[in-house]
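This report concerns only the one structure given below.
The values are calculated or read from the model by the stated rules, or taken from the named source; none is laboratory data. Computed from a predicted model, the values in this text were never measured in an experiment. Cβ placement follows ideal geometry from the backbone for every residue including glycine, while neighbour counts extend to all protein chains displayed.
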Amino acid sequence: MIEPAQPVLVIMGISGSGKSTVAGILADRLGWDFEEGDDLHPQENIDKMSAGHALNDEDRAPWLDTVSSWIIEHTIADVPGIITCSALKRSYRDVLREHNVVFVHLAGSTDLIGRRLATRHDHYMPSSLLDSQVATLEAPGPDERAITIDAGRAPAEEAAEIVRRLGLTPRAASRNYGS
């Protein structure tokens, strides 16, 4: 029996929405490859965000190309995977869109996200950039292959909802492509 093709998930949303946590839970539960999109930023982007400056489209372009390359490698190999990426604008998602990509938008209130960012000390993205992220966000439209998940619950509940809504199945053995 041939296993139905599983997607590459792009866990998206503003900084502090829980992308890394939920993606990690999903990868563990499903045995899928996982890539932390923040780790793919060029050092110049990290330095700019660390200094409290929002990235612009030009800053994001090389990063989105790197994220896209990871997605394409998994698509070509027909290997399911999970990658985090804010993917705030439709034009950014257009760079990442492949036939097997599903965007999972973790959406939470600005108040909730602000509280999370205020307690996070291990990340280069300062809470002062929350407003710029909210202003930049273009939620996925009905014509995009995407689901929206309420980010106000326990991450394990959010992951379980993603698995249920997308009908995802665990992979017997995971291979690590492009890392």
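The residue of region 155-174 that is modelled with the lowest pLDDT, among those that are exposed (fewer than 12 other Cβ atoms within 10 Å of the Cβ) and in a loop (DSSP other than H, G, I, E, B), is Ala173. Taken over region 71-111, the criterion of being in contact (Cβ under 8 Å) with a residue 60 or more places away in the chain, assigned to a helix (DSSP H, G or I) and surrounded by 22 or more Cβ atoms within 10 Å (Cβ to Cβ) is satisfied by Ile71, His74, Arg93, Leu96. When region 51-60 is limited to residues that are of a type outside the set (D, E, K, R) and surrounded by fewer than 13 Cβ atoms within 10 Å (Cβ to Cβ), the one that is modelled with the lowest pLDDT turns out to be Gly52.
So for region 7-30 (the condition being of a type in the set (Val, Ile, Thr), in contact with a Gly (Cβ under 7 Å, 6 or more places away or on another chain), surrounded by 14 or more Cβ atoms within 10 Å (Cβ to Cβ) and assigned to a strand (DSSP E or B)), does at least one residue qualify? Please lay out each step first, then the result.
Narrowing region 7-30 to residues of a type in the set (Val, Ile, Thr): 8, 10-11, 14, 21-22, 25.
Filter again for in contact with a Gly (Cβ under 7 Å, 6 or more places away or on another chain), leaving 8.
From what's left, surrounded by 14 or more Cβ atoms within 10 Å (Cβ to Cβ): 8.
In the following step, the residues that additionally are assigned to a strand (DSSP E or B) were identified as 8.
Yes, region 7-30 contains a residue that is of a type in the set (Val, Ile, Thr), in contact with a Gly (Cβ under 7 Å, 6 or more places away or on another chain), surrounded by 14 or more Cβ atoms within 10 Å (Cβ to Cβ) and assigned to a strand (DSSP E or B).
Of everything in region 1-59, what is of a type in the set (Val, Ile, Thr) and over 17 Å from Leu166 (Cα atoms)? Give them in sequence order. Passing the criteria: Ile2, Ile14, Thr21, Ile46.
Scanning region 38-66 for residues that are among the hydrophobic types (A, V, I, L, M, F, W, C) and touching a residue at least 40 places away in the same chain (Cβ under 8 Å) yields a count of 3.
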